[in-house]
Each structure stands twice: as C-alpha cells, then as structure tokens.
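The values are calculated or read from the model by the stated rules, or taken from the named source; none is laboratory data. It should be emphasised that the depicted structure is a prediction, and the values quoted were computed from it without experimental measurement. Methodologically, a virtual Cβ is constructed for each residue, glycine included, from the backbone with ideal geometry; neighbour enumeration extends over all protein chains shown. All accessible areas refer to the heavy atoms of the entire protein, side chains included, with ligands and DNA or RNA removed. Shrake-Rupley method; radii C 1.70, N 1.55, O 1.52, S 1.80 Å.
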Amino acid sequence: MEHARRACSFFLARLRAEIERLRGGVFPGHHPGPHKWLNLADGFIDTAEQYIQQSYDPNLHPDLAGVKVVEAEDLGDQAYDLLEQMLGSDAEHIPHQVVAPFQRWVDGLDIENTIFFRAEHAANYELWIVEYDIDNINGATDSLKAASKAIHWPLLRVTVPGQALGMLPHFAVVAHELGHAIEDRVSIDFDKYDADWQEFVTRVQARIGTLSQDDIIDAKEILSDWLIELKSDAVGFYVAGPAFFFALAGFLEISGRGYGIGRSHPPSDTRLDLLVDHIKSGAPSFANIYKDLGGLDITPEINSPNVMKVSPPDNLFAELSRDLDGKEAAFCVELIPLVKKMGKDIYSSVLLNLKDECADMIYTPAQFLLDWNRHVDALCALIPPIEYNDGGTLKATSLTSILNVGWAALLTRLDDISAGSSTTGDETARRMERLNELLLKAVELSEARRLWDEHQ
Amino acid sequence: MRVERIPSKDIGLRHVLENGLALIEGADLGEHRKEQVLQSLHRIFSEADRGSQALGVYHLTAALNEKRAIERFSAFYHHLRHEFGEAVPARLGQANDALADILENGSSDAQRTENLRQVLRLLLESIRRERALAPLRRPQEISY
C-alpha cells in the first residue's frame with residue numbers, strides 16, 4: 001500500500017508541475033477557457049491529495065484506506081485526461097487570429113457554455129461536449145468546487161485541423177460544430193412523419209426480418225444522430241452562408257471521399273444536396289450571385305467531385321453489411337429516404353429559431369452581394385478585406401464576410417491573384433497560400449479594428 | 001460531435017450511486033449530503049426515465065428531440081440489460097418513483113425501495129466490472 005501511495009503522490013506532484021508549466025503558456029485571444037480547464041485539473045489534484053492524506057488516518061480501516069488511495073489515483077487519472085484534452089489549444093498550434101472571431105460567433109449564437117478551441121494534426125472537426133458533476137464527488141475540495149462553479153457546464157471544446165489542413169476558408173465548418181451546441185434549442189414536430197417511419201420499419205423488416213423493441217430504439221438513436229447532423233449543417237449554412245457548403249465539401253474531398261454514411265452521419269451526398277437546394281433558394285439566391293458575378297454554376301459536386309455518392313439501396317446494403325452488422329446496415333440504407341424528406345423541415349425550423357433568437361447571425365444573399373462588391377476586386381489586388389465604408393464610417397468586416405469573400409475569390413478569381421515573385425513550387429498553390437495569408441491578415445486586423453471601435 | 005459519458009471513469013456518478021445505496025441501507029450521511037445525493041439521483045433517474053419514454057412512444061417527435069435524456073437512458077440500459085432485459089425502462093421508472101417518494105415523504109413503499117436498491121447495486125456492479133475489464137491499449141503495427 002505504501003508504495004502505491006508514494007507513487008500516486010509523485011504522480012500528482014508531477015501533474016501539478018505540468019499544470020504550472022501550461023499556465024505559463026500563451027492561449028490565443030486571451031481566451032479564458034483553457035485557464036478554467038487547468039483550474040479544474042488543479043482542483044482534481046487537490047482532492048486527490050486530500051484523499052492520500054485521509055488514507056494515513058490510523059482510525060481508518062485498512063480496506064477503506066486502500067479505497068482512498070485508489071480513488072486518489074482515479075482523480076489523478078482524470079486530471080491527466082483533462083490535460084490531454086486541451087492539447088493543441090495554445091498559440092503554437094491554433095492560428096491565433098481565429099480564436100477571438102470564433103468567440104464572437106459563440107457569443108452571437110448566445111452560447112453561454114465555457115468553451116475553448118484547439119487544433120490537432122488530423123483531418124477532424126469536432127465539438128466535444130463534456131460534463132462533470134463535481135458536487136457528487138465525496139470530499140471535493142473548495143478549489144475543485146470553485147473551479148467547477150466557474151465553468152458553465154457542459155463545457156465545449158471545438159477541434160479544428162492544424163498545420164497543413166488548417167486553411168482559413170475551411171474553418172467555416174466551425175459554424176456547423178457550434179450548431180451542435182445549439183441544436184437542442186430547435187424542437188421540430190416530426191409526428192407528421194409517423195407514417196414514413198412505419199414504412200421505414202416495413203422496409204427494414206423486409207431486409208432482415210422482425211425487429212425487437214431494442215432494434216427500434218437503436219434505429220431511433222441513429223435517426224436522432226443523423227438529424228442532429230442535418231440541424232448542425234443548417235446552422236452552419238445560415239451562419240456562414242455558402243462558405244460553409246464549400247468548406248464542408250472541400251474538407252470531405254480532401255479527407256477521404258467516402259460515402260460518409262454510418263451510425264453518426266447521414267451520407268455526405270445527401271448533406272451536400274440539401275445545402276445546394278438552400279444555396280439556390282430565394283431571389284436573388286447565393287447561387288444567382290455566384291452565377292452573375294463570378295460566372296460559376298453551383299452544383300453539389302463543385303468542390304467535392306470525388307466524394308462518393310451512395311449506391312442504389314440493395315448495393316449499398318451489401319456494401320455496408322461488410323462493416324456494420326446487418327441491422328445497422330439496413331437502418332442506414334432505409335433511413336436515407338426518410339431524412340431526405342425531413343431535410344426541408346429541419347432547415348426551415350433552424351432558420352425560424354435563429355430568426356427568433358439571434359437574427360443578426362444569419363448571413364443573407366443581400367449581405368453576400370454587398371461583400372462581393374466591396375471586397376472581391378480589392379482582394380484580387382492583394383488588399384485584405386479588413387473594413388468597409390458604411391456611409392462615411394469605417395466598420396470592421398465580419399469573419400463570415402471574410403470567409404465568403406475568400407471562397408468567392410478562390411473559386412472564381414484565383415488567376416487574378418499574384419503568385420508572387422518566387423519561382424519555386426506550384427504556382428496555383430502559391431496563389432492559394434497568398435490568398436490564405438490575406439484572409440488570415442483580414443481576420444486579425446478586422447478583429448483589431450473591432451476591438452478599437454469597442455474601446456472608443 | 002462527441003459526447004463524453006464514461007460512467008466507469010466518472011467518479012462523481014460512482015460516489016452518488018454508492019451514497020444512494022448507503023442511504024437506503026440506513027447510513028447517516030448528514031442531512032445536507034443526504035438531500036444533495038437524493039436530489040442528484042432523482043435528476044439523473046428522471047432524465048433516464050424521460051429518455052426511455054421518448055424512445056418507447058410510437059410518435060417520432062419525442063424520440064428525436066430528447067437527445068440528452070436518451071443518452072442517459074442508453075448508458076443505464078447498457079449496464080442493466082443483462083439483468084432486466086426489456087424490463088429496464090419499467091425498473092428505471094420505478095426507481096425514479098421511489099426517489100421522488102423519499103424526497104417528498106422521507107420513505108417509499110417496500111417494493112419500490114427494494115427495486116431502487118437493486119437498480120443502484122446493479123449499476124455499481126456493472127460500472128466496477130466494466131472498469132475491471134477495460135483492456136489496455138493494444139500495440140499497433142501499421143505497414144504501408
């Protein structure tokens with residue numbers, strides 16, 4: 001026992017030192033999220049150390065003393081996990097320019113949860129939602145309780161790809177991830193689809209036989225996850241405009257090009273089709289503006305020509321059955337027509353909710369038209385879209401506008417952007433890199449301008 | 001999206017289940033802690049109960065708008081299905097009723113209390129078993 005106790009104390013002391021080292025680091029945008037997370041880890045260590053002290057109590061039965069040591073190890077393990085979960089949140093990994101503007105999206109969507117952003121060297125965008133019920137931990141120290149109280153639970157962590165995949169225009173996908181944080185605000189009446197659900201059950205039973213109550217629950221869980229993805233796509237679209245569609249499609253193209261279908265996600269082609277339907281809706285639509293000003297026809301495949309479209313149902317069932325069990329494969333195949341039918345309702349319900357709760361966050365075709373006219377020519381002349389003249393007053397360009405102007409230039413005017421004097425490397429890649437740098441500069445300086453305006 | 005619910009690693013959940021079981025078996029945790037434990041258990045079981053009802057009803061709306069409650073139910077279902085099979089929803093509902101009774105009247109009837117005791121015990125056993133069986137990471141060898 002004594003060896004375990006000493007080893008645990010040493011582990012906790014080393015964790016404490018690691019936390020101190022991390023506290024000394026720089027988190028972009030002076031973001032409070034990582035510091036709150038470190039305080040929580042510190043609180044876990046305080047409580048673990050208290051358990052170790054209690055284990056020395058001579059009046060404690062040896063078995064209970066052993067339990068105290070084991071639980072101290074568990075708390076230390078939890079603190080260690082917390083440190084792992086915040087890897088990549090420092091200025092070395094996540095582009096420092098984007099954090100404050102992302103936080104403006106968070107605030108604009110009235111997301112009050114504590115949040116932090118991090119990058120990892122992987123093709124992955126993710127919202128991680130975590131909740132610890134600290135009050136239930138026996139003997140939680142005041143420091144742990146205070147650290148927990150300072151966090152607005154559940155805590156959210158947004159992950160973006162770092163390094164080579166950390167291209168600014170692709171960061172529009174973050175709007176989808178924030179959609180996950182607010183999707184539960186959007187209640188949708190699905191009862192009108194009860195008959196379609198019964199048809200789904202009939203089709204599945206025709207493939208695999210009678211379903212038990214457990215199977216029905218499983219199918220509803222998959223459907224629920226798929227609808228959450230579509231709700232989050234809708235948030236991504238209404239907040240970030242067509243930039244979200246291009247970013248998602250571009251990301252899917254570069255990160256695997258598969259069907260995208262599984263327990264958690266509907267097929268990628270269904271998602272892209274729905275997005276294009278909405279890009280083409282309204283007058284003028286985003287698609288009209290792209291056609292009129294950039295000569296570009298928007299199709300579901302435009303930025304993801306190699307992302308696979310799902311095969312016909314029988315073929316898809318045979319393919320999926322190789323990886324998933326037969327029931328899951330049948331659910332996934334037969335849910336596709338159902339979610340396609342529900343898609344329109346999901347987008348309209350999300351739009352209604354955003355109009356009610358944060359109308360300022362909706363990016364409209366009218367705003368896109370203004371942004372294009374204000375910034376695209378200038379951007380091609382290497383002038384970053386930092387600000388615009390609004391009746392004699394200079395105002396900062398929003399992150400959403402910068403992303404959309406960036407995609408407009410990337411897709412319709414890339415040849416107009418100078419590749420610079422360097423002769424090394426691919427010329428198109430050099431143009432794109434220069435565009436990326438201009439957009440990052442715009443994000444940084446527009447945020448500086450906004451801060452300046454706010455402090456005047 | 002990833003939602004973190006690993007009951008085998010959630011010390012708070014383990015403690016509240018242990019404390020709930022101790023209370024039913026007559027332990028004295030002090031009035032304040034007793035109230036906190038019962039409220040917490042009632043909140044957790046109400047959520048699981050709501051999740052099970054949402055999944056069980058014929059209409060789709062409830063099932064598709066109660067994600068969090070469904071996750072809670074699924075986590076408990078995972079731990080209890082070997083013992084209770086398709087009776088898990090009913091057992092969770094009764095456990096929640098017992099907690100409501102205890103919070104309101106200080107006690108519940110013998111049958112409901114016994115069910116609550118069984119549910120808490122089985123959840124704890126399953127969580128401990130899952131922890132004991134958690135495999136170490138497998139060594140990986142990847143050749144391209």
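A few comments on the model shown:
- Solvent-accessible heavy-atom area per residue, rounded to whole Å², over the protein assembly as shown at 1.4 Å: 46
- In order along region A:393-398, the Karplus-derived 3J(HN,Hα) couplings, from 6.51 cos²θ - 1.76 cosθ + 1.60 at θ = phi - 60°, round to 10, 7, 10, 6, 6, 7 Hz, and Gly and Pro are given as x.
- Placing one equal scatterer on every Cα of chain B and applying the Debye formula, the log10 ratio I(q)/I(0) at q = 0.17 Å⁻¹ is -0.97.
- Heavy-atom accessible surface of region A:2-165: percent carbon and sulfur, 1.4 Å: 53
- For A:GLU387, nonlocal amide neighbours, meaning residues 5 or more places apart or on other chains whose placed amide H falls under 5 Å from its own, are A:THR397.
- All aspartates and glutamates inside 13 Å of B:LYS9 as judged from Cα atoms, apart from same-chain residues fewer than 8 positions distant: A:GLU71, A:GLU73, A:ASP74, A:ASP77, A:ASP81, A:GLU131, A:ASP133, B:GLU130
- A simple rule links phi to the HN-Hα coupling: the Karplus curve 6.51 cos²θ - 1.76 cosθ + 1.60 with θ = phi - 60°, which for region A:63-77 gives 5, 5, 4, x, 4, 4, 5, 4, 6, 5, 4, 4, 5, x, 4 Hz, with x for Gly and Pro.
- Interface burial for A against B (accessible surface, 1.4 Å probe, total of both chains, Å², rounded to 100): 3600
- FRET efficiency estimate (nearest 0.05) - Cβ-Cβ, A:ASP107 to B:ARG129, R0 41 angstrom: 0.40
- The label-point distance for A:GLU20 and A:ALA378, in a model that sets each label 7 Å from Cα toward Cβ, rounds to 5.0 nm.
- Taking every Cα-Cα distance in region A:312-456 and sorting them into 10 Å bins from zero, the calculated P(r) comes out as 10, 25, 21, 19, 18, 6, 0 percent.
- Distance from region B:27-49 to region A:386-435 (C-alpha centre basis), Å: 57
- Surrounding net charge for A:GLU437, when Lys and Arg each add one and Asp and Glu each subtract one, Cβ distance under 15 Å: +2
- Region A:365-454 - percent of accessible surface contributed by carbon and sulfur, probe 1.4 Å: 52
- Fully extended contour minus Cα-Cα distance, from A:LYS355 to A:ALA195, at 0.36 nm per residue: 54.6 nm
- Considering only beta bridges that DSSP places wholly inside the protein assembly as shown, some 55 percent are antiparallel.
- Order of exposure, largest accessible area first, which applies to B:GLU25, B:GLU130 with probe 1.4 Å: B:GLU25, B:GLU130
- Loop-located trypsin sites (Lys or Arg not before Pro) across region A:302-398 with a Cβ neighbour count of 11 or fewer within 10 Å are A:ARG322, with loop assigned by DSSP.
- Pairwise FRET efficiency - A:HIS121 versus A:GLN53, Cβ, R0 = 41 Å, nearest 0.05: 0.50
- Two-site label geometry, A:GLU319 and A:VAL67: point separation in nm, points 7 Å out along Cα→Cβ: 5.4
- Considering only A:TRP128, A:GLY166, A:THR202, the residue lying farthest towards the positive end of the dipole of region A:117-208 is A:GLY166, judged by Cα position with unit charges set on Cβ.
- With each label modelled as a point 7 angstrom along the Cα→C-beta vector, the A:GLN163-A:GLU131 pair spans 3.6 nm.
- Entries of A:LYS341/B:LYS67; A:LYS68/B:LYS34; A:LYS192/A:LYS341; A:LYS149/A:LYS220 with Cα pairs more than 23 Å apart: A:LYS149/A:LYS220
- For the protein assembly as shown, the calculated P(r) over all alpha carbon pairs, in 20 Å bins from 0 to the bin holding the longest distance, is 17, 47, 31, 5, 0 percent.
- A Cβ-based charge dipole, computed about the Cα centre of region A:365-454 with Lys and Arg at +1 and Asp and Glu at -1, lands at about 40 debye.
- Interface residues of region A:163-204, defined as those losing at least 10 Å² of solvent-accessible heavy-atom surface relative to the isolated chain (probe radius 1.4 Å), are listed as A:HIS180, A:GLU183, A:SER187, A:ILE188, A:PHE190, A:ASP191, A:ASP194, A:TRP197, A:GLN198.
- Applying the Karplus relation 6.51 cos²θ - 1.76 cosθ + 1.60 with θ = phi - 60° to region A:48-54 yields 3J(HN,Hα) values of 4, 5, 5, 4, 4, 4, 4 Hz, where x marks Gly and Pro.
- Label point 7 Å beyond Cα of A:ASP416 along Cβ direction - residues of region A:361-384 with amide nitrogen under 19 Å: A:367-384
- Whole-angstrom Cα spans of region A:2-165 along principal axes, big to small: 56, 31, 26
- Taking the square roots of 5 times each eigenvalue of the Cα gyration tensor of region A:387-456, largest first, gives ellipsoid semi-axes of 28, 13, 10 Å.
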